[in-house]
Amino acid sequence: PSLTSKSDLVELGYDEDKIRVIAEAADPIFTKQPQEKIAMVKKKYNLHDKPYILSIGINPRKNTQRIINVYRSLKNNMSCSLLLTGSPTGITLKQEDGIITTGHIPKADLPALYAGALCLLYPSLYEGFGLPVLEAFACGCPVVASNVSSLPEVAGKAAILVDPYNEESILKGVQKALVQPQTLIK
């Protein structure tokens, strides 16, 4: 689905001439959402009126521990929650003030969760494509993503790209997204 995946396959010994890149696209359900729908879904997940940063996937490859560490630094200066979606895999989470875990989210609820978020925080260590980036874009959600693997290819100049191994870089990226969300959305 990306030039990055193609390159990875070539490194493994596959014939480059036999590989065609066919980029993925967000499902058409991912669009800007009416405020009523956003409010309904936020209520369903006990988000109420508190702003939140959205993260998709809970596992080491999605960089969950660094996301949590960055959130801890961020919440010292602002009132927001961290919404972690998905089922934890390869990581143990402790209950912590301000961090909301949802488990699996039905696809029908995701557009409103994206649309209601301050930003999507997606500093994944590796992605073959990174569909959540496009889903967030389609819903009008600013994106902070990794500057590694396929994510720069997918995000282009529409996201803030950060070093996923550097918590300070991730923190600065989130702070920048929160200051200029409309610029990113455009």
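The values are calculated or read from the model by the stated rules, or taken from the named source; none is laboratory data. Since this is a predicted model, take the numbers as computed values, not measurements. For neighbour counting, all protein chains shown are included, and Cβ atoms are generated from backbone atoms with ideal geometry for every residue, glycine included. Just so you know, the surface numbers come from the protein's heavy atoms only, side chains and all, with ligands and any DNA or RNA stripped out. Shrake-Rupley method; radii C 1.70, N 1.55, O 1.52, S 1.80 Å.
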In nm, to one decimal, how far is the ALA108 label point from the VAL179 one, both placed 7 Å along Cα→Cβ? 4.1 nm
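With 26 Å as the cut-off, how large is the P(r) tail for the chain, expressed as percent of Cα-Cα pairs?
Values: 4894 of 17205 pairs.
Of the Cα pairs, 28 percent sit more than 26 Å apart.
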What nm distance separates the two modelled labels at GLN65 and LYS50, each placed 7 Å from Cα along Cα→Cβ? 2.5 nm
Rounded to two decimal places and with Rh computed the Kirkwood way over Cα pairs, what is Rg over Rh for the range 45-109? 0.94
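What is the chain's relative contact order, in percent, from Cα pairs under 8 angstrom and six or more apart in sequence? Don't skip to the answer; put the middle values down first.
Details: 340 pairs, mean separation 43.4, N = 186.
23 percent.
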For the pairs LYS37/LYS107; LYS50/LYS75; LYS37/LYS94; LYS157/LYS186; LYS18/LYS157, flag any whose C-alpha to C-alpha distance is greater than 20 Å. LYS37/LYS94; LYS18/LYS157
If the reach is capped at under 19 angstrom between alpha carbons, list the aspartates and glutamates near LYS6, excluding any in the same chain fewer than eight residues apart. ASP15, GLU16, ASP17, GLU24, GLU127, GLU153
What number comes out for accessible area per residue over the range 20-109 if the probe is 1.4 Å? Units Å², please. 59 Å²
How much length, in nm to one decimal, is gained on full extension between GLU16 and GLU96, taken as 0.36 nm per residue of separation minus their Cα-Cα distance? 24.1 nm
Square roots of five times the Cα gyration tensor eigenvalues for the range 101-178, Å: 20, 14, 12
Of SER81, SER146, SER73, which is the most mobile in a GNM of the chain whose springs link Cα atoms less than 10 angstrom apart? SER73
